[in-house]
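Step one of this worksheet: look at the structure below.
The values are calculated or read from the model by the stated rules, or taken from the named source; none is laboratory data. Fair warning: this is a prediction, and the values are worked out from it, not measured in the lab. Neighbour counts run over all protein chains shown; Cβ positions are idealised from the backbone, glycine included. Note: areas computed on protein heavy atoms with side chains; ligands, DNA, RNA excluded. Shrake-Rupley method; radii C 1.70, N 1.55, O 1.52, S 1.80 Å.
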Amino acid sequence: RVRDVHRDRLGPAIHAAIRIAEAVVRNLKPDVPAPSVPPPDGLGWREQIERSGDRVTLEDILNDLWARGIPVVPTDILPSPSFQGLAAVVEDRPVIVVGHRHDEPGRAAFRVSHEAGHIAHGDCAADAPVVDEDEEIGSEDEMEELADLFAVQALVGSDSVPQIRAGIEDFRELAKRAAAVERETGADAGAVIFSWAQATGDYATATMATKSLYRATGARRSLRDHFERHVDLD
């Protein structure tokens, strides 16, 4: 599943990420269960995710994946060039490695959910990781499109981002529409914004819109907190 372009450009980063994933799997705490893969339909997964309200947040996604025995591993340093996300199977356990260092919870929620989609669809196997290199470059690969759909379904609760696909003039309008979607549907505004960004490729506008809603920080802390809770760092 690793395309030739990934092998040529990202070989050192992929190798490092797999070594990290192997170390994580060997040092999981005893309370991490045997792995249980999410259902292949994102809407079905959304129904299974425990949450306090209508919104599905990054925290909810992380709680669900770790409870399924699927580690989500944040990385601080990888060889350059790096990647956005990687889904792999290590010692019969699915693992997600987050390669980017973005701190917006909505952005991280979409990336982690996308990688969970690869796992749910059986796209990765032992010695065959799936690597997502650059989120700002659209892909016509059916496997990637299905993983995007899985993430949108899980986070937004529909097959597409409602009401904000067209006619966005600036980040203020995007933020306003995303906030309206959150009020009307319960979908997290930050996740809505970055689902829109994945569809349009306009991450600059999405980043500014998230900042205007004060939803631009906290992802790295959440990823790290869950990691430290479930992995024996000693």
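Computed from the Cβ-Cβ distance with R0 of 30 Å, the FRET efficiency linking Ala125 to Lys29 stands at 0.70.
If you average 1/r over all unlike Cα pairs in the chain and invert the result, what Kirkwood radius do you get in angstrom? Hydrodynamic radius (Kirkwood, Cα only) of the chain equals 17.6 Å. Among DSSP beta bridges lying fully in the chain, give the percent that are antiparallel, nearest 5. Roughly 80 percent of the DSSP beta bridges within the chain come out antiparallel.
If you take the Cα Rg of the range 51-150 and divide it by 2.2 N^0.38 Å, with N the number of residues, what do you get?
In units of the globular-protein estimate, the range 51-150 measures up at 1.03.
In the context of the full set of protein chains, the range 94-234 has a per residue accessible area of 43 Å² (1.4 Å probe). Excluding the site residues themselves, the longest part of the chain lacking any GluC sites (Glu not before Pro) in a DSSP loop with at most 16 other Cβ atoms within 10 Å is 170-234.
Per-residue surface analysis assigns Ser36 an accessible area of about 60 Å², computed on protein heavy atoms at 1.4 Å probe radius. Normalised by 2.2 N^0.38 Å, where N is the number of residues, the alpha-carbon radius of gyration of the range 14-110 equals 1.11. The Asp170 and Tyr214 beta-carbon pair, evaluated with R₀ = 30 Å, returns a calculated FRET efficiency of approximately 0.95.
Computed in the context of the full set of protein chains, the accessible area of the chain at 1.4 Å probe radius has 46% of its extent on carbon or sulfur. Over the chain, Cα pairs under 8 Å with separation of 6+ residues give a relative contact order of 26 percent.
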